[in-house]
Structures are given as structure tokens and as C-alpha cells.
Amino acid sequence: MGSDAELLALVTSANVACGFHAGDPAVMDRTVGLAVRAGVALGAHPGHADLRGFGRRPIQAAPEDIERDVLYQVGALQGFARAHGTRVVHVKPHGALYNQAAEDETVARAIVRGVARAGRDLILVGLASTEPMRRAAQAEGLRFAAEAFADRRYTPAGTLQARREPGSVLTDPAQAAAQAVKIATEGRVIATDGREIALQADTLCLHGDQPGAARFAQALRKAFAERGITVVAP
């Protein structure tokens, strides 16, 4: 699913699904190879074991299970990375697991324990506008990269608008590019009620499963280049 080969020519880092919510050994092997040839940094994208729901349905898993699930998935991608002569740079939880960790300290700490067991040099990527993941990373001595989204709408509280609500996903590449530029240059974003809110981020996410994702990436890179914004991997 998605336009992975096209996207890997446009991004600086990639979140690679590790088999629980999407992907399998063949896809992971192929994607890592493509990323290496494109000079793209690798990130593990662990999620809940939920292929049917693409990992976007909340699951109330025990903390020790979350920790092991994260370690298992990151370790799998690390194996493919080593086979291709590269390494995994960061870990970004996927979907419902990511959203739960943004609100729940217990989930955040379980994820971080799994990441730390996979390697303390790994960077944890988490939602810029909430604190649980940042605090959990700091407690374990992991580096944290605050993430904002180019193609999602934000609530006045700085959280992502729920996907079930109309308009939560931006469908116009130009609109996504304008939002990304505003975040990158001003540290601000326009919320659903029209207000501008602060949003300081280290990295920007673009979803690869969105129709026309490559067009979005092209629009972002063009807008960044026009404003002299350099995009580099964490």
C-alpha cells in the first residue's frame, strides 16, 4: 500500500512498519533496501497487533506486553538494517499506540522501556504538544524528537483531531505545505477553531498511506526550498 518508492526519493527519514499493523518480512527487506539506496534514515514504526484495523484501534494491553511488542518489532527492523549495512536511527510508535502514549504515562513508559532495551542510542519520536512521551524518554535517558504533522488538523488543545471527525486529514497538498512551513518557520499552527496555537517541533510527519502521498511530499519539499528551509534526518 502507498507509494513507498516515490516517497523515499523525497523524504529524509522513514517510519517502517514492523509487521504488527502492516508490513511483513518481504516488505521490510525491500523497504530497507530502497531506503539505503535513497540515503534515507530508518525508523522503526511499532504498533498494536492489529492488521485488520491498521493499528488505529486502541487496544488496552498490559504494560509488559507493550514493552515486549515494541522490543520485538524494533529488533526485527534492526535485523534487516544490519543485513543492508545500515542501522535504525529512531522509533516512532504508530497509530493508536502513539495516541495512547501521548496521553497515558504508563503506556509511554512501557514503549520507552522497549525502545531502551533495543538500544539507548535510538531517538524516540512523539507528539510535540503533549508531555508523557517526552518525560518517559528523559527518564530513561533517551533522546526525544518532538513531532508535528503536515497533513493532520489540530484541536485548540494542540492534539490531533480524531480521524473519525470530518476534515481531520488535510487532502490538499498546498494546504499541507502551508501548514508545514508555518510550523517550521513560526512554531505555530492554525487549530480547528481558527486560532493560532504554539507548536514547537523537531520533525514533521507525512502519512505514506494517504492517496497521493508523493504529491504531498513534493509540495512540501518545493515550499521548503522556496523559503530556504533545509530538511535533514534526525
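Laid out as a table, the results:
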| read-out | value |
| --- | --- |
| Number of the condition not met by Arg68 [criteria: (1) modelled with pLDDT of 95 or more; (2) closer than 30 Å to Ala198 by Cα; (3) among the charged types (D, E, K, R)] | (2) |
| Which numbered condition Lys182 fails, given (1) of a type outside the set (Gly, Ala, Ser); (2) open to solvent by less than 30 Å² (accessible area, probe 1.4 Å); (3) at pLDDT 95 or above | (2) |
| Among (1) in contact with a His (Cβ under 9 Å, 6 or more places away or on another chain); (2) more than 22 Å from Arg57 (Cβ to Cβ); (3) open to solvent by 20 Å² or more (accessible area, probe 1.4 Å) - the single one Phe216 does not satisfy | (3) |
| Output for region 144-156, where each listed residue is over 15 Å from the mean Cα position of the chain (by Cα) and assigned to a strand (DSSP E or B) | Tyr154 |
| Check on Gly194, on the phi > 0 side of the Ramachandran plot and free of Cβ contacts under 8 Å to residues at least 12 places away in the same chain | yes |
| Scan of region 143-186 for residues that are under 27 Å from Arg57 (Cβ atoms) and hydrophobic (A, V, I, L, M, F, W, C), ordered by number | Phe144, Ala145, Ala146, Ala148, Phe149, Ala150, Ala157, Leu160, Ala162, Val169, Leu170, Ala176 |
| Within region 42-54, tally of residues that are more than 25 Å from Arg82 (Cβ to Cβ) and either in contact with a Pro (Cβ under 9 Å, 6 or more places away or on another chain) or open to solvent by less than 80 Å² (accessible area, probe 1.4 Å) (or both) | 4 |
| Options Gly19, Gly95; residue that is under 23 Å from Phe216 (Cα atoms) and either at pLDDT 95 or above or surrounded by 16 or more Cβ atoms within 10 Å (Cβ to Cβ) (or both) | Gly95 |
| Identity of the residue in region 153-170, without any contact (Cβ under 8 Å) to a residue 40 or more places away in the chain and open to solvent by less than 60 Å² (accessible area, probe 1.4 Å), that ends up nearest to Ala180 (Cα to Cα) | Leu170 |
| Long-range neighbours under 7 Å by Cβ, at least six apart or interchain, first residue charged (D, E, K, R) within region 22-34, second open to solvent by 30 Å² or more (accessible area, probe 1.4 Å) | Asp29/Phe80 |
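The values are calculated or read from the model by the stated rules, or taken from the named source; none is laboratory data. If you're wondering where the values come from, they're calculated on a predicted model, not measured in any experiment. For neighbour counting, all protein chains shown are included, and Cβ atoms are generated from backbone atoms with ideal geometry for every residue, glycine included. These area figures cover heavy atoms from the full protein model, side chains too; ligands, DNA and RNA do not enter into them. Shrake-Rupley method; radii C 1.70, N 1.55, O 1.52, S 1.80 Å.
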